[in-house]
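Colleague: Below is a structure I'd like to ask you about.
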Amino acid sequence: MTAARLHEFGSPPRLERVAVPRVEPAHSLVQVEASPLTHLDLTIARGGFGVRPDLPHTGGTQAVGRVVSSERFDVGSRVLVRGHGIGTTRAGCWSEYAAVPDLALTAAAPRLSSALAAAFPQPAATAYAAVHDVADVQPGERVLVTGATGAVGQLAAQLALRAGAQVHGLVRSPARAGLLVPGVQPVIGTEEMGDRCIDVVIDTVGGDVLTEVMATSVRPTGRVVLVGYTAGVRIALNLPRWLLSEVELLPLNMMRRASRSAEVLPPLIDLLVAGELSFGIEELPFAQLADGLARLATGTVSGRAVVTFASKET
């Protein structure tokens, strides 16, 4: 079979022929159909994750596929693969077949295509938790979403609109503004924001963007939910000003919210199927995985990039 393996952190993964993995007890063999490219995947590939996997390493922290052999799941059933060290401390899903712990498998949404079933759950659950569980967005509030054309940003903006908020989407250029979901007011750069006018920020990028937004745009006692760090892993705060403003900086770690994700996903999938939520997805063939990662790093993916696997050879 073919797998995409990392041989050096910071270098693109290479497609290689490897043996189909052996299945241990309490594990299943899954034929991978689609795997989303996530910022966690990018962080691992760069060597920036808290625990570095041994090299060479097959990346890919999530996927949807079909069960080939298992003592727990029916052969042919479609499953979602994620968690339990997949793609982090053990081999991941960037391969035609993956041997994974049974605990890492759940039933995939039957009404969605493989690519959409693989791409939708993580950003949808993250967006819901950011808007409702952490920020508790209220009707009439002004919400700013950074990285608003990304997967989490698109969904967070729509959920905030559904909550009755006035939503602004922060983008880098007029061209990107055209990718915002309907109803979101574009903001080209932080200099366009009014002084201290935002009640809630859903921040998906971190870095200097978050530093600027907190310094200029959030009203006193406002809330900032930190979801991601694509623009940088550090921020600078003027501590006296921050203390005076009492702006809440609230981290969101979805690794601690697995049970909550399971609760909120079914109604979110209902909204997606009904057309009441939209979600951008870019499908790439497996051979273009490295190119997809490079585009993810430069912020030129709209929605979520997903690599798909057509080959059934072993």
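Colleague: It is to be established whether one or more residues within the range 102-111 are in a strand (DSSP E or B) and open to solvent by less than 30 Å² (accessible area, probe 1.4 Å).
Modeller: Residues of the range 102-111 that are in a strand (DSSP E or B), as a first pass: 105-107.
Add one more test, that the residue is open to solvent by less than 30 Å² (accessible area, probe 1.4 Å), and what stays is 105.
Yes, the conditions are met somewhere in the range 102-111.
Colleague: Continuing with the same structure: Suppose we filter the range 257-268 for residues that are closer than 17 Å to Ala135 by Cα, part of a helix (DSSP H, G or I) and either acidic (Asp, Glu) or open to solvent by 40 Å² or more (accessible area, probe 1.4 Å) (or both); how many remain? Break it down stepwise before answering.
Modeller: Taking the range 257-268 and keeping what is closer than 17 Å to Ala135 by Cα, we get 257, 260-261, 264.
Adding the requirement that they be part of a helix (DSSP H, G or I) leaves 260-261, 264.
Subsequent filtering for residues that are either acidic (Asp, Glu) or open to solvent by 40 Å² or more (accessible area, probe 1.4 Å) (or both) retains 260.
Number of matching residues: 1.
Colleague: Look through Asp270, Asp195, Asp199 and report the one residue that is modelled with pLDDT of 90 or more and farther than 30 Å from Arg82 by Cα.
Modeller: Working: Asp270 fails: farther than 30 Å from Arg82 by Cα; Asp195 fails: modelled with pLDDT of 90 or more.
Matching residue, one of Asp270, Asp195, Asp199: Asp199.
Colleague: Follow-up question, since we're still on this one. Is it the case that His39 is surrounded by 14 or more Cβ atoms within 10 Å (Cβ to Cβ) and at negative phi? It would help to see each step written out before you state the result.
Modeller: Working: surrounded by 14 or more Cβ atoms within 10 Å (Cβ to Cβ): yes; at negative phi: yes.
Yes, satisfied.
Colleague: Select from the range 50-76 the residues that are under 15 Å from Ala91 (Cα atoms) and surrounded by fewer than 18 Cβ atoms within 10 Å (Cβ to Cβ) and list them in ascending order.
Modeller: Val51, Arg52, Asp54, Leu55, Pro56
Colleague: Restricting the range 42-60 to residues that are in contact with a strand residue (DSSP E or B) (Cβ under 8 Å, 6 or more places away or on another chain) and in a loop (DSSP other than H, G, I, E, B), which is nearest to Gly228 (Cα to Cα)?
Modeller: For the range 42-60, the residue satisfying everything is Gly60.
Colleague: Go through the range 126-163 and report how many residues are assigned to a helix (DSSP H, G or I), open to solvent by less than 10 Å² (accessible area, probe 1.4 Å) and farther than 13 Å from Phe279 by Cβ.
Modeller: Counting residues in the range 126-163 that are assigned to a helix (DSSP H, G or I), open to solvent by less than 10 Å² (accessible area, probe 1.4 Å) and farther than 13 Å from Phe279 by Cβ gives 4.
Colleague: Out of Thr230, Thr221, Thr211, I need the residue that is assigned to a loop (DSSP other than H, G, I, E, B) and either modelled with pLDDT of 85 or more or under 23 Å from the mean Cα position of the chain (by Cα) (or both). Which one?
Modeller: From the options Thr230, Thr221, Thr211, the qualifying one is Thr230.
Colleague: What's the number of the condition Leu271 fails, among (1) buried (at least 20 other Cβ atoms within 10 Å of the Cβ); (2) over 18 Å from Leu37 (Cβ atoms)?
Modeller: Among (1) buried (at least 20 other Cβ atoms within 10 Å of the Cβ); (2) over 18 Å from Leu37 (Cβ atoms), Leu271 violates only (1).
Colleague: Is it the case, given these coordinates, that Ala45 is more than 13 Å from Tyr97 (Cβ to Cβ), touching a Leu at 6+ places or on another chain (Cβ under 9 Å) and of a type in the set (Gly, Ala, Ser)? Walk me through it before giving the result.
Modeller: Working: more than 13 Å from Tyr97 (Cβ to Cβ): yes; touching a Leu at 6+ places or on another chain (Cβ under 9 Å): yes; of a type in the set (Gly, Ala, Ser): yes.
Spelling it out, Ala45 is indeed more than 13 Å from Tyr97 (Cβ to Cβ), touching a Leu at 6+ places or on another chain (Cβ under 9 Å) and of a type in the set (Gly, Ala, Ser).
Colleague: Just to be sure, is Arg82 open to solvent by 60 Å² or more (accessible area, probe 1.4 Å) and under 19 Å from Leu29 (Cβ atoms)?
Modeller: Details: open to solvent by 60 Å² or more (accessible area, probe 1.4 Å): yes; under 19 Å from Leu29 (Cβ atoms): yes.
In short, yes.
Colleague: Could you please let me know if His27 is over 21 Å from the mean Cα position of the chain (by Cα) and within 22 Å of Ala262 (Cβ to Cβ)?
Modeller: So His27 passes the test.
Colleague: Under 9 Å between Cβ atoms, which residue pairs at least 6 apart in sequence (or on different chains) link something in the range 260-284 that is among the basic types (Lys, Arg) with a partner that is modelled with pLDDT of 95 or more?
Modeller: So the pair list comes out as Arg260/Tyr128; Arg260/Ala129; Arg260/Asp133.
Colleague: Are there any pairs, at least 6 apart or on different chains, whose C-beta atoms fall under 8 Å, with the first in the range 210-230 and charged (D, E, K, R) and open to solvent by 40 Å² or more (accessible area, probe 1.4 Å) and the second at pLDDT below 90 and not in a strand (DSSP E or B), and if so, which?
Modeller: Listed by first residue and then by second, the contacts come to Glu212/Thr190; Arg219/Arg196; Arg219/Cys197.
Colleague: Which members of the range 112-125 meet the condition of being buried (at least 21 other Cβ atoms within 10 Å of the Cβ) and of a type in the set (A, V, I, L, M)? Walk me through how you get there before you give the answer.
Modeller: We begin by selecting, within the range 112-125, every residue buried (at least 21 other Cβ atoms within 10 Å of the Cβ); these are 114-125.
Matches in the range 112-125: Ala115, Leu116, Ala117, Ala118, Ala119, Ala124, Ala125.
Colleague: Identify, from the list Arg5, Arg46, the residue that is on the phi < 0 side of the Ramachandran plot, charged (D, E, K, R), out of contact with any Asp or Glu (no Cβ under 9 Å at 6 or more places or on another chain) and surrounded by 14 or more Cβ atoms within 10 Å (Cβ to Cβ). Break it down stepwise before answering.
Modeller: Working: Arg5 fails: out of contact with any Asp or Glu (no Cβ under 9 Å at 6 or more places or on another chain).
Step by step, each of Arg5, Arg46 is checked, and only Arg46 is on the phi < 0 side of the Ramachandran plot, charged (D, E, K, R), out of contact with any Asp or Glu (no Cβ under 9 Å at 6 or more places or on another chain) and surrounded by 14 or more Cβ atoms within 10 Å (Cβ to Cβ).
Colleague: Here's a follow-up. Run Val167 past the list (1) more than 21 Å from the chain's Cα centre (by Cα); (2) in a strand (DSSP E or B); (3) modelled with pLDDT of 95 or more; (4) of a type outside the set (S, T, N, Q) and report the number of the one that doesn't hold.
Modeller: It fails just one condition, (1).
The values are calculated or read from the model by the stated rules, or taken from the named source; none is laboratory data. Everything quoted here is computed from the prediction, not taken from an experiment. So basically every Cβ, Gly included, is an ideal-geometry build from the backbone, and we count neighbours across all protein chains shown. Areas reflect the complete protein model, heavy atoms only, side chains present, ligands, DNA and RNA absent. Shrake-Rupley method; radii C 1.70, N 1.55, O 1.52, S 1.80 Å.
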